[in-house]
Amino acid sequence: MTLDDTPPGAAAPAPARRSLLRAAVTGAAAAGAGLALDVSPAAAAAPPAARPRPATAPEALRELAAGNRRWRTFRERHPDETPAVRQALTSGQHPFALVLGCVDSRVPPELVFDQGLGDLLTVRSAGEVLDEAVLGSIAYGVLELAIPLVVVLGHQSCGAVRAAVEADGSGGRLPAHIQYLADQIAPAIDRGTQGEARVDATIDANVRLVRSRLAAEPDLAERVADGRLAIVGARYELTSQLVHRVS
């Protein structure tokens, strides 16, 4: 993406006033057009004419990067929320990117990318873990809505990754269905580091693992191979609000 490839360490922490403002915002709030696929008229309905829509993965990446830049510099536009757009969306949707993110309340994709109604198809699971429901939701966006870009979005201080790393280290079992999440994240654990460094490195490794698993899905792989789809990994830094690529 042009999702600023700056490494997380290069971003300076936000000043206190900025941190307070960001906390208020996030507290109040709680990544393919023109592709020849057989889709229903509602699903293929033309997007609202409010602003140009990205039609390719590179265009979508540029739009997400621009939106994240607005977000982290407090210049949000909150686009596509007007009465006209809301009315137009009653006849169908045409999102330009799909973001698979974590359930963490501090990382809502529409906010961190400064997008609005009908712009993003978002799928969220703790630690970006894949299961049949998540895979089916992603397949719907790619196959039925012709979305050209899938972004696997991890984030700094991911609780699901921390739980998996700590359970792996202690040999203990996590309660109820949380163990399932840990089991899915476990193959990504970075065993060449310790402590907080292990948690942080595993966040990136987990993004890479999920991205690889998606790229291996036959229906998605076919579209990646012929250029109709791009699947990329990215990470959101809570301290700077920067989204950057995980390669």
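Tell me, which residue of segment 86-117 that is open to solvent by less than 50 Å² (accessible area, probe 1.4 Å) and over 22 Å from Tyr236 (Cα atoms) is nearest to the chain's Cα centre (by Cα)?
Here the residue is His94.
Take the residues in segment 198-210 that are surrounded by 21 or more Cβ atoms within 10 Å (Cβ to Cβ) and in contact with a strand residue (DSSP E or B) (Cβ under 7 Å, 6 or more places away or on another chain), then tell me which one is farthest from Leu130 (Cα to Cα).
Ile203
Take the residues in segment 211-223 that are surrounded by 19 or more Cβ atoms within 10 Å (Cβ to Cβ) and over 10 Å from Leu153 (Cα atoms), then tell me which one is nearest to the chain's Cα centre (by Cα).
Top of the filtered list is Leu214.
Can you spot a residue in segment 232-239 that is part of a helix (DSSP H, G or I) and either buried (at least 19 other Cβ atoms within 10 Å of the Cβ) or among the hydrophobic types (A, V, I, L, M, F, W, C) (or both)?
Scanning segment 232-239 turns up no residue that is part of a helix (DSSP H, G or I) and either buried (at least 19 other Cβ atoms within 10 Å of the Cβ) or among the hydrophobic types (A, V, I, L, M, F, W, C) (or both).
Would segment 217-231 turn up any residue that is within 23 Å of Ala66 (Cα to Cα) and in contact with a Lys or Arg (Cβ under 6 Å, 6 or more places away or on another chain)?
Yes, the conditions are met somewhere in segment 217-231.
Can you report the number of residues in segment 158-197 which are open to solvent by 60 Å² or more (accessible area, probe 1.4 Å) and either among the small types (Gly, Ala, Ser) or touching a Leu at 6+ places or on another chain (Cβ under 7 Å) (or both)?
Of the residues in that region, 6 qualify.
From the list Leu117, Leu143, Leu135, exactly one residue is within 26 Å of Glu76 (Cβ to Cβ) and among the hydrophobic types (A, V, I, L, M, F, W, C). Which is it?
Just a single option satisfies the conditions, and that option is Leu117.
The values are calculated or read from the model by the stated rules, or taken from the named source; none is laboratory data. Since the model is a prediction, treat every value here as computed from it, not as a measurement. No Cβ is skipped: glycine too gets one built from the backbone with ideal geometry, and neighbour counts run over all protein chains shown. Calculation scope for accessible area: heavy atoms of the full protein, side chains included, ligands and nucleic acids excluded. Shrake-Rupley method; radii C 1.70, N 1.55, O 1.52, S 1.80 Å.
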